[in-house]
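Chemist: There's a structure below that I have some questions on.
The values are calculated or read from the model by the stated rules, or taken from the named source; none is laboratory data. Bear in mind the structure is a predicted one, so any value in this text is a computation, not a measurement. Using ideal geometry, Cβ is built from the backbone for each residue, glycine included, and neighbour counts are taken over all protein chains shown.
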4 protein chains.
Amino acid sequence: MTGKTTGKTSSIRSDIAYSTPDRIVVRGKDLPNEILGHMNLGDFAYFQLTGKTATPEQSRVFNALLITLVEHGITPSAIAARMTYAGAPESLQAAVAAGLCGLGTVFVGTTEGSARMLYEAFDSAGDNPDLQQLAEKTVAAYRGRKQIIPGLGHPLHKPIDPRTPRLFQIAEDNGMSGKYIALMKLIGAEAERASGKVLPINATGALGAICCEFGFPWKIVRGFGVMARAIGLVGHILEESETPMAHEIWHDIEARASAHLRG
Amino acid sequence: MTGKTTGKTSSIRSDIAYSTPDRIVVRGKDLPNEILGHMNLGDFAYFQLTGKTATPEQSRVFNALLITLVEHGITPSAIAARMTYAGAPESLQAAVAAGLCGLGTVFVGTTEGSARMLYEAFDSAGDNPDLQQLAEKTVAAYRGRKQIIPGLGHPLHKPIDPRTPRLFQIAEDNGMSGKYIALMKLIGAEAERASGKVLPINATGALGAICCEFGFPWKIVRGFGVMARAIGLVGHILEESETPMAHEIWHDIEARASAHLRG
Amino acid sequence: MTGKTTGKTSSIRSDIAYSTPDRIVVRGKDLPNEILGHMNLGDFAYFQLTGKTATPEQSRVFNALLITLVEHGITPSAIAARMTYAGAPESLQAAVAAGLCGLGTVFVGTTEGSARMLYEAFDSAGDNPDLQQLAEKTVAAYRGRKQIIPGLGHPLHKPIDPRTPRLFQIAEDNGMSGKYIALMKLIGAEAERASGKVLPINATGALGAICCEFGFPWKIVRGFGVMARAIGLVGHILEESETPMAHEIWHDIEARASAHLRG
Amino acid sequence: MTGKTTGKTSSIRSDIAYSTPDRIVVRGKDLPNEILGHMNLGDFAYFQLTGKTATPEQSRVFNALLITLVEHGITPSAIAARMTYAGAPESLQAAVAAGLCGLGTVFVGTTEGSARMLYEAFDSAGDNPDLQQLAEKTVAAYRGRKQIIPGLGHPLHKPIDPRTPRLFQIAEDNGMSGKYIALMKLIGAEAERASGKVLPINATGALGAICCEFGFPWKIVRGFGVMARAIGLVGHILEESETPMAHEIWHDIEARASAHLRG
């Protein structure tokens, strides 16, 4: 309201949404009349991020992508949210925020790593590269740097991660199984061959490849895990409010952690 | 893995999800085979929270409820997320978390307030209460305590909040417009009458009433705003990564805030 | 830099600090030359908050106040920080933030509750009130509302919280044991008498009273716990980076929580 | 309390603190009797992190290190905290947490970068390396990778950052100016020579070098900025509670950001 800007061109500009007394417009559509009742949440997330209406095929794949990341049981993220809720039940939003803070390079954020790996592989190659050669080159480069290949291997889900074939099937059924998914599969096979280990493509590897098929910048890919997990964490906090476990975890861990000091 | 508990009954128990090497089960359904490709994100959120599959009617209303809360333009929450991303672009999840931390009693959390008010109104009344009398009693009680009635009034959206009639319409079209929405409407009318002011039922008032129609505990209602806004904030961070405004906000505000000290 | 304001008086104004190319001034003092090397961290915290230099007496009491809140072993807050660090070790700041999010009405924030109770007791009384009567009235009011009296009782530290007599002694030794500490002691005694239970004044009760002696607004009192605990959490994260416990907690709790689902 | 572990060695172990009904022990010292009243906050932070009592010299340098990082005016971090407090004033801890979330690789976290650079420089060299050669090699390596050298340059504080000479003086006065500070100075001079630009050693460069003189692992160095800034942010929230700026920032930025959409 006081927004008189100076003469110079301002970079304070957002194209996402605006409001007037009788309208709320998001990405050019009237929220009450053109969006509410016409979209599901996953499609609206797609619209919020891209400004485009998802096709039915994109809708199916994008909703599956997000749903995969909502809930994984009692994870470190869920424990952090529950411990936080125990101390500040009046600040539910802070408990969700605490649970999200750990979605970094070790958990969930690995989706970002595989998307980046796939984009960079194609960026470094010419037009119409040989995918098998690209997979071999990529695996060799990671192994040469003694770096873990993102999106491969899982401590529990062996010899295959049950989400991966299903996600790839959904992508294929909807005409979205392109060169990125193809390369990811070849990288998985080549990594198993080169290492002699069982290295299934895990869910974050499958999702990273699907994000590339959509064309999402790798820097935002972690955001899908963050928005999805926010939903899951509200579920955990609801359960914690009804059948809490935080206090027992606390007393148990504290007793074990300090037993040697207590003598 | 070390999880041998002592003889006593443990309260460390979650009914949400579990995994085995070849299965991931959420609320009793196999995630890859029974959920992925069969649900949209809003329906899965409903399933995660309640353990029940939404009916088509519930699906339409619940998706509309969540979508309403995703995006409101350049809010304090979006500014906090953008300022955070500017300092730690490698920690996208922390930028979303920062943006969520402020969804409290002033913004978004007011949905919680109206749900609580409606539940408590019916709790304090006998069976089949006269709704008009209940509205009058509720408004009088808030006015007596000089408390703001949650869910009424909006600084911009006057004389009506355009989201409210649309949300009520969607609820009605899907057979979910019951006594809570009826009471909320009567409270709005009574508050306008008693105060002599224009006090439209705002979106958080409408959503609070709809949450009551679903039967969600009021303590978790704030969580819908939190999960929805997480989606919106990823959209803002994506835009900030492409056309940033944080640095200009910072330099502008800093210069204005300290102008009097600099002399 | 673009900070041309409009004609109207702006409320964007901060009196805390400003910088020029060769100066950084905090609360009117030159940071490099008048502060660094001349103050300890606790005294600078006092200066940052009040704009005043602590007297030697205030310095001793304020440093003791903050130190009391730094470290309490493996608390829910420390567990949340450690779980977060395990997922995002590259975002140490987000792990501290996660640990702080739960310092609310249940833990640490109770300091706020006792400060508020003491201020409101005196606000409701006339000049020179009889402290014993004020204590009885306060206890009766809380008991009448079936509300827990903030700052009393401790699950472990019984029959006395060892921090409390020491904090009160430090306040007395430094001439800062006034009417608020006197009232807190009387409230503790009266609550034990009225309830027939052992209800020691705990550390947050003692600290709340000391905050009142300083004259800090009760709304900011929680902030002392927050700033202190940030220090403690960095200590826990340093230890977690060297001898981690997060993964074992995770696997242990997950196994116990889902044992009944796995059958 | 239920903490019976299985036979296997548990990694759930913390050496920081423990409590019994009548004792609270931190790093082997009795908190009420051996710490409260005997240490200032900075010294206790040192003790919490290292388990050692700071010498008077270490105390002066460590307190100066932390104080430098407390307050820098209206930073992105302070704006994020203030915007958060405006939405959730009942969750002060969440506002501080939001402000901390952005202390990453762009702001504050650069202290980590310079500490790491200095440690790695010495790790890559033999015993008694020639410091001038090491500086040249380090600068050449960063320039070869087109990477910014951490700890050099400042948008405002030119041609020198006024904190740097003061911090180095305090280190020297207290016998803590060793090989890391020496190398940092040579890197600064060499970077200016090689680039032809004015590149003052900024505060994070000076602090990174001082952290190395203390021997702190580089992974924890960011933590000093985090704990210090938590203090500063409480100061900003206190001011925001008394003379708020968040709403004016919000309305101003929103109006400017969406002016082009409104037409």
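Chemist: Anything in segment D:137-159 that is part of a helix (DSSP H, G or I) and loosely packed, with under 12 Cβ neighbours inside 10 Å? List them, or say none.
Modeler: We begin by selecting, within segment D:137-159, every residue part of a helix (DSSP H, G or I); these are D:137-144.
Of everything in segment D:137-159, just one residue is part of a helix (DSSP H, G or I) and loosely packed, with under 12 Cβ neighbours inside 10 Å, namely D:Gly144.
Chemist: Still on this model: Residues in segment C:116-136: is at least one touching a residue at least 40 places away in the same chain (Cβ under 8 Å), within 14 Å of another protein chain (Cβ to nearest Cβ), surrounded by 14 or more Cβ atoms within 10 Å (Cβ to Cβ) and assigned to a helix (DSSP H, G or I)?
Modeler: Yes, segment C:116-136 contains a residue that is touching a residue at least 40 places away in the same chain (Cβ under 8 Å), within 14 Å of another protein chain (Cβ to nearest Cβ), surrounded by 14 or more Cβ atoms within 10 Å (Cβ to Cβ) and assigned to a helix (DSSP H, G or I).
Chemist: Which residues, counting only those in segment C:5-21, are loosely packed, with under 14 Cβ neighbours inside 10 Å and either basic (Lys, Arg) or modelled with pLDDT of 85 or more (or both)?
Modeler: Of everything in segment C:5-21, those that are loosely packed, with under 14 Cβ neighbours inside 10 Å and either basic (Lys, Arg) or modelled with pLDDT of 85 or more (or both) turn out to be C:Lys8, C:Thr20, C:Pro21.
Chemist: Follow-up. Those residues that are free of Cβ contacts under 8 Å to residues at least 24 places away in the same chain, in contact with a strand residue (DSSP E or B) (Cβ under 8 Å, 6 or more places away or on another chain) and polar (S, T, N, Q), I need them from segment A:6-56; list them, please.
Modeler: A:Ser19
Chemist: Still on this structure, I have one more. Please verify whether B:Ile231 is over 30 Å from B:Arg82 (Cα atoms), modelled with pLDDT of 95 or more and either touching a helix residue (DSSP H, G or I) at 6+ places or on another chain (Cβ under 6 Å) or not assigned by TED's automatic domain parsing to the domain that holds B:Thr75 (or both), treating the condition exactly as stated.
Modeler: Criteria not met by B:Ile231.
Chemist: Scan segment B:170-214 residue by residue and report those that are in a loop (DSSP other than H, G, I, E, B) and touching a helix residue (DSSP H, G or I) at 6+ places or on another chain (Cβ under 9 Å).
Modeler: Once the filter is applied, which keeps residues that are in a loop (DSSP other than H, G, I, E, B) and touching a helix residue (DSSP H, G or I) at 6+ places or on another chain (Cβ under 9 Å), segment B:170-214 yields B:Asn174, B:Gly175, B:Met176, B:Ser177, B:Gly178, B:Lys197, B:Val198, B:Leu199, B:Pro200, B:Asn202.
Yes or no, residue by residue, for (1) within 14 Å of chain B (Cβ to nearest Cβ); (2) closer than 28 Å to C:Ala125 by Cα; (3) crowded, with 18+ Cβ neighbours inside 10 Å:
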site: C:Arg193; (1), (2), (3): no, yes, no
site: C:Val226; (1), (2), (3): yes, no, yes
site: C:Glu240; (1), (2), (3): no, no, yes
site: C:Pro244; (1), (2), (3): no, no, no
site: C:Ser258; (1), (2), (3): yes, no, yes
site: C:Leu261; (1), (2), (3): yes, no, no
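Chemist: Within the set of pairs 6+ apart or on separate chains, which have a first residue in segment B:239-262 that is touching a residue at least 24 places away in the same chain (Cβ under 8 Å) and assigned to a helix (DSSP H, G or I), a second that is buried (at least 23 other Cβ atoms within 10 Å of the Cβ) and of a type in the set (Lys, Arg), and C-beta atoms under 9 Å apart?
Modeler: Between residues of segment B:239-262 that are touching a residue at least 24 places away in the same chain (Cβ under 8 Å) and assigned to a helix (DSSP H, G or I) and residues that are buried (at least 23 other Cβ atoms within 10 Å of the Cβ) and of a type in the set (Lys, Arg), the close pairs are B:Glu240/B:Arg82; B:Ala246/B:Arg82; B:Ile249/B:Arg82.
Chemist: Right, another one. Would you mind stating whether D:Val106 is touching a Gly at 6+ places or on another chain (Cβ under 8 Å) and of a type in the set (Val, Ile, Thr)?
Modeler: yes
Chemist: For B:Gly215, are the conditions met, namely being surrounded by fewer than 24 Cβ atoms within 10 Å (Cβ to Cβ), more than 9 Å from every other protein chain (Cβ to nearest Cβ) and within 15 Å of the chain's Cα centre (by Cα)?
Modeler: Against the criterion (surrounded by fewer than 24 Cβ atoms within 10 Å (Cβ to Cβ), more than 9 Å from every other protein chain (Cβ to nearest Cβ) and within 15 Å of the chain's Cα centre (by Cα)), B:Gly215 qualifies.
Chemist: Does B:Lys179 satisfy the criteria of being surrounded by fewer than 20 Cβ atoms within 10 Å (Cβ to Cβ), at pLDDT below 95 and charged (D, E, K, R)?
Modeler: no
Chemist: Can you tell me which residues in segment D:18-36 are within 8 Å of chain C (Cβ to nearest Cβ) and part of a loop (DSSP other than H, G, I, E, B)?
Modeler: Residues satisfying the conditions are D:Pro21, D:Asp22, D:Leu36.
Chemist: In segment D:37-96, how many are facing chain B (nearest Cβ under 7 Å) and charged (D, E, K, R)?
Modeler: Number of matching residues: 1.
Chemist: Has segment D:139-160 got any residue that is modelled with pLDDT of 95 or more, touching an Asp or Glu at 6+ places or on another chain (Cβ under 7 Å) and away from chain C (no Cβ under 14 Å)?
Modeler: Among the residues of segment D:139-160, at least one is modelled with pLDDT of 95 or more, touching an Asp or Glu at 6+ places or on another chain (Cβ under 7 Å) and away from chain C (no Cβ under 14 Å), which makes the answer yes.
Chemist: What's the number of the condition B:Glu112 fails, among (1) modelled with pLDDT under 95; (2) in a loop (DSSP other than H, G, I, E, B); (3) not β-branched (Val, Ile, Thr)?
Modeler: (2)
Chemist: Another question, then. Just checking, does segment B:190-204 include any residue being out of contact with any Phe, Trp or Tyr (no Cβ under 6 Å at 6 or more places or on another chain), touching a residue at least 60 places away in the same chain (Cβ under 8 Å) and under 23 Å from A:Val234 (Cα atoms)?
Modeler: Yes, that holds for at least one residue.
Chemist: Here's a follow-up. For segment D:87-111, which positions are surrounded by fewer than 24 Cβ atoms within 10 Å (Cβ to Cβ) and of a type in the set (A, V, I, L, M, F, W, C)?
Modeler: D:Val106, D:Phe107, listed by residue number.
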